[in-house]
Amino acid sequence: MAANNRRMSGKKGAQVGSGGQRRRGLEGKGPTPPAEMRKGHAKQRAAAAKSRRAQGRPQQRRGAGRSASEMVVGRNPVVEALREGVPASTLYVQQFIDNDERVREALQLAAERGGINLMEAPRPELDRMTNGLNHQGLVLQVPPYEYAHPEDLTSAAYDEGADPLIVALDGVTDPRNLGAVVRSVSAFGGHGVVVPERRSAGMTAGAWKTSAGTAARTPVARATNLTRALEAYKKAGITVVGLAADGEAELGDLEALGGPVVIVVGSEGKGLSRLVGETCDVRVRIPMPGGAESLNAGVAAGIVLYEAARRRS
């Protein structure tokens, strides 16, 4: 009974000691390691990527999907597409068509370029092909666009011995803006453009025309998930820079543009989506003394690409 009373009493017994752990926990951990050794730091990611490249880069991953074929209909649109070098596989001409200047020019351009089939078809067949659109007797078939894989863009840069300079578009749905960005990337020595697979402009005939032919030498990659593609770029040591009106850094102060970088441009109305904005290493703003609230994607990308090219020259 006495033993039970002792066990039930509130007296404390002997306590297990800390073994000196608390004292050692108060000791310093030494000097801060350099940036290249700190996990998650941009310089550490760059050093890791450089090490992987020294051991051999992975084989390029071609064939990230194709777009659907497209029809350009109407005499003026067909002639403009042929003038601008939009890829085409077949030019359909209506039987017994009124032969005006535009028809003659379309036939001449198709013949001069070569590789474009000329097909004569009755009007009901052209109506069926175009779902009843006003084709005016001319229909140009644009073949599916062969998208690159996001990794192809970095591989191409490293093959040139250059730091990657890539533009990613988040929520940009106007093909003309995509074409303008492709043109700017080509003009300032960039290595390509990345677009999401869904809810984004693709390489249509309109994008080709706006690119003024530069789409033939500047690849466009399509990502199943843009956020994951950006995270993969970060793991490869590339800094991801998002453009935002309320960005914490100003464009002129951004040293990262001189190295491997992905510039992310959002839509003119909504800007960057939340997940994409959180994935960026830094968000940068373009100073606009004139007081404009925003710039369209093509103009904004061109300004940042110019600054990147200036720093790399």
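One line per residue, one yes/no per condition, for (1) open to solvent by 10 Å² or more (accessible area, probe 1.4 Å); (2) in contact (Cβ under 8 Å) with a residue 40 or more places away in the chain; (3) farther than 16 Å from Ile303 by Cβ:
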site	(1), (2), (3)
Ile238	no, yes, yes
Leu243	yes, yes, no
Glu250	yes, no, no
Leu257	no, yes, no
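All conditions in (1) touching a strand residue (DSSP E or B) at 6+ places or on another chain (Cβ under 9 Å); (2) open to solvent by less than 30 Å² (accessible area, probe 1.4 Å) hold for Ser273, with the sole exception of (2). Summed over the stretch 151-163, residues that are buried (at least 24 other Cβ atoms within 10 Å of the Cβ) and not aliphatic (A, V, I, L, M) total 1.
Restricting the search to strands (runs of 3 or more DSSP E) fully inside the stretch 86-166 and requiring at least 3 residues that are closer than 30 Å to Val185 by Cβ gives 138-142. In the stretch 260-275, which residue that is touching an Asp or Glu at 6+ places or on another chain (Cβ under 8 Å) and modelled with pLDDT under 95 is farthest from Ile303 (Cα to Cα)? Of everything passing the filter in the stretch 260-275, Ser273 is farthest from Ile303 (Cα to Cα).
The residue pairs whose first member lies in the stretch 119-138 and is at pLDDT below 95, whose second member is of a type outside the set (Phe, Trp, Tyr) and open to solvent by 100 Å² or more (accessible area, probe 1.4 Å), and whose beta carbons are closer than 6 Å, counting only pairs six or more residues apart or on different chains, do not exist in this structure. Selection of the stretch 69-85 for residues being outside any helix (DSSP H, G or I) and open to solvent by 10 Å² or more (accessible area, probe 1.4 Å) yields Ser69, Glu70, Met71, Val72, Val73, Glu84, Gly85. Scanning for something over 17 Å from Ala162 (Cα atoms), touching a residue at least 40 places away in the same chain (Cβ under 8 Å) and either open to solvent by less than 20 Å² (accessible area, probe 1.4 Å) or touching a Ser or Thr at 6+ places or on another chain (Cβ under 7 Å) (or both), does the stretch 208-218 turn up at least one residue? Within the stretch 208-218 (the criterion being over 17 Å from Ala162 (Cα atoms), touching a residue at least 40 places away in the same chain (Cβ under 8 Å) and either open to solvent by less than 20 Å² (accessible area, probe 1.4 Å) or touching a Ser or Thr at 6+ places or on another chain (Cβ under 7 Å) (or both)), the answer is no, since none of the residues qualifies. Can you find a residue that is of a type in the set (Ser, Thr, Tyr), touching a Lys or Arg at 6+ places or on another chain (Cβ under 8 Å) and closer than 25 Å to Ala88 by Cβ anywhere in the stretch 193-206? No, the conditions are met nowhere in the stretch 193-206. A single member of Gly190, Gly202 is touching a helix residue (DSSP H, G or I) at 6+ places or on another chain (Cβ under 8 Å), closer than 25 Å to Arg228 by Cα, touching a residue at least 12 places away in the same chain (Cβ under 8 Å) and crowded, with 23+ Cβ neighbours inside 10 Å, and it is Gly190. Among the candidates Arg104, Arg123, Arg75, the residue that is over 21 Å from Pro144 (Cβ atoms) and touching a helix residue (DSSP H, G or I) at 6+ places or on another chain (Cβ under 7 Å) is uniquely Arg75.
The values are calculated or read from the model by the stated rules, or taken from the named source; none is laboratory data. Everything quoted here is computed from the prediction, not taken from an experiment. All Cβ positions, even for glycine, are placed from backbone atoms using ideal geometry, and neighbour counts span all protein chains on display. These area figures cover heavy atoms from the full protein model, side chains too; ligands, DNA and RNA do not enter into them. Shrake-Rupley method; radii C 1.70, N 1.55, O 1.52, S 1.80 Å.
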